[in-house]
Amino acid sequence: MLRALDVVAPGTLLREGIDNIVHARTGGLVVIADPDEIAFLLSGGIKLDVEYTPALLYQVAKMDGAIVLNADASRILWANVQLMPDPTIASRETGTRHRTAERVSKQTNALVIAVSARREVVSLYSEGFKYILQDIPTVLSRANQGLATLEKYRARLDNLRARLNAQEMLASVRGGASLQDALVVLRQAELVNRMAAEVERYIIELGSEGRLIEMQLEESVVGVAAERNALVRDYAADDSPQRVDHALQRLSALPHEEILDFGSLAELLGYDRKVNTADFHVAPRGYRALSRIPRLPRLVAQSVIHAFGGLEEILAADEEDIASVEGVGEAHARTIVEGLRRMQEVELLDRI
């Protein structure tokens, strides 16, 4: 359906033609598909096979039958054609035009657009799913509301992340982080991702009208995906690539209610669901901390983590110990030690 929204987004030639049909109140049924895939549904009509233009689409929509466009909507293949989908396919629509559109979308891979003559409503049908196009001001308002919510989510994430950073850097002073501290940040990062996906859907529907919102969205989600991945690698019971990928996939698929449940999130990371996350202390491996050191290659950071086992051990090591790790060297070792020391100093100053 997102691909369908992209095809009919404002600024496209297809949307211009559809808007002309809506304003003229003639109604219409437009099918976009590979002609060989839907040939068995076509009956009668006029074969055109001409280049698509919005004006021509508007003219041929004055006839009662359906209009067939090729897969990329660059040519009008048929006009005034009758569609004959399987009548046994279930349909919840009542009007003839919309019932035909739903059945064709269920029977084929076609995108079917039904334009109501009286109500001036444009309905998209793809693989049996229906979506009613909203007018631009309505979508723009929803996108702005979503963006405002996203910015609040991101500000909350930044605050939670800063607190977790301090707990990791000052483990000897504060006693380290609990599992719940890590899960709170992970949950907030996932909420930011989900809200960003919602705003992105509005941007797709807005087409050329959504460029400014798209720029704001990109600014709001910078680094969130990397933070989410590093959190899982830092605090999962098993940080093997397969387990981490599986945990991230499960996190994306969790229902909203379970995202708010610490037990579900703990289980996702490989811990007992019934564990008291507030009292269960965990030691980070160091992926998040080392990722904040500028110009430190990812493979070098990974080698150091595998060699020492955790952030606490890395903080206790000196340059010589870190340089002795295969593939690290003196220059990277100095960068790591100095970078972590600066982080600790910043957190100590913030406490004062």
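Since every read-out is calculated from the coordinates, none of them should be taken as a lab result. Since this is a predicted model, take the numbers as computed values, not measurements. Quick reminder, even Gly has a Cβ in these numbers, built from the backbone with ideal geometry, and neighbours come from all protein chains shown.
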For this session: Determine the gain in length on full extension of the stretch Asp318-Thr26; use 0.36 nm per residue of separation and subtract their C-alpha separation, reporting nm with one decimal.
Result: 97.4 nm
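Arranged by the count of other C-beta atoms within 10 angstrom, fewest first, what order do Phe308, Phe129 take? Provide the component values of the computation, followed by the final result.
Values: Phe308 19, Phe129 12.
Taking fewest neighbouring Cβ atoms as first place, the list is Phe129, Phe308.
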Exercise. What ranking do Leu248, Leu206 get, fewest neighbouring Cβ atoms within 10 angstrom at the top?
Worked result: Leu248, Leu206
Problem set entry | Sites Arg334 and Asp238 - FRET efficiency at Förster radius 35 Å, r taken between beta-carbons, to 0.05 | 0.65
For this session: Against the globular-protein guess of 2.2 N^0.38 Å, express the Cα radius of gyration of the chain as a ratio, rounded to two decimals.
Result: 1.36
Problem set entry | Over segment 134-283: Rg over Rh, Cα atoms, Kirkwood Rh | 1.04
Problem set entry | Kirkwood Rh, Cα atoms: Rg over Rh of segment 285-352 | 0.96
Seminar exercise, completed: Once the dipole of the chain is set up from charges on Cβ (+1 Lys and Arg, -1 Asp and Glu), the residue from the list Ser240, Ile32, Ala177 lying farthest towards its positive end is Ile32
For this session: Using only the alpha-carbon atoms of segment 247-286, report the extent along each of the three principal axes, biggest first, to the nearest angstrom.
Result: 27, 23, 13
For this session: Quickly work out the Ala278-to-Phe129 label distance, labels modelled 7 Å from Cα along the C-beta direction, and quote it in nm with one decimal.
Result: 4.0 nm
Exercise. By a straight-distance test (C-alpha under 21 Å), which lysines pair with Lys47 as possible cross-link partners, with residues fewer than eight away in the same chain excluded?
Worked result: Lys62
Seminar exercise, completed: Rounded to whole angstrom, the alpha-carbon centroid of segment 290-352 lies from that of segment 10-38 at a distance of 58 Å
Seminar exercise, completed: Semi-axes (Å, rounded, descending) of the ellipsoid equivalent to segment 23-160 per its C-alpha gyration tensor are 34, 17, 15
Problem set entry | Separation of the Ser74 and Gln145 label points, Cα + 7 Å toward Cβ, nm | 4.0 nm
For this session: Normalise the Cα radius of gyration of segment 2-98 by 2.2 N^0.38 Å (N = residues in it) and let me know the number.
Result: 1.06
Seminar exercise, completed: For Ser43 and Leu56, extending 7 Å from Cα along the Cα-Cβ vector and measuring point to point gives, in nm, a value of 2.7 nm
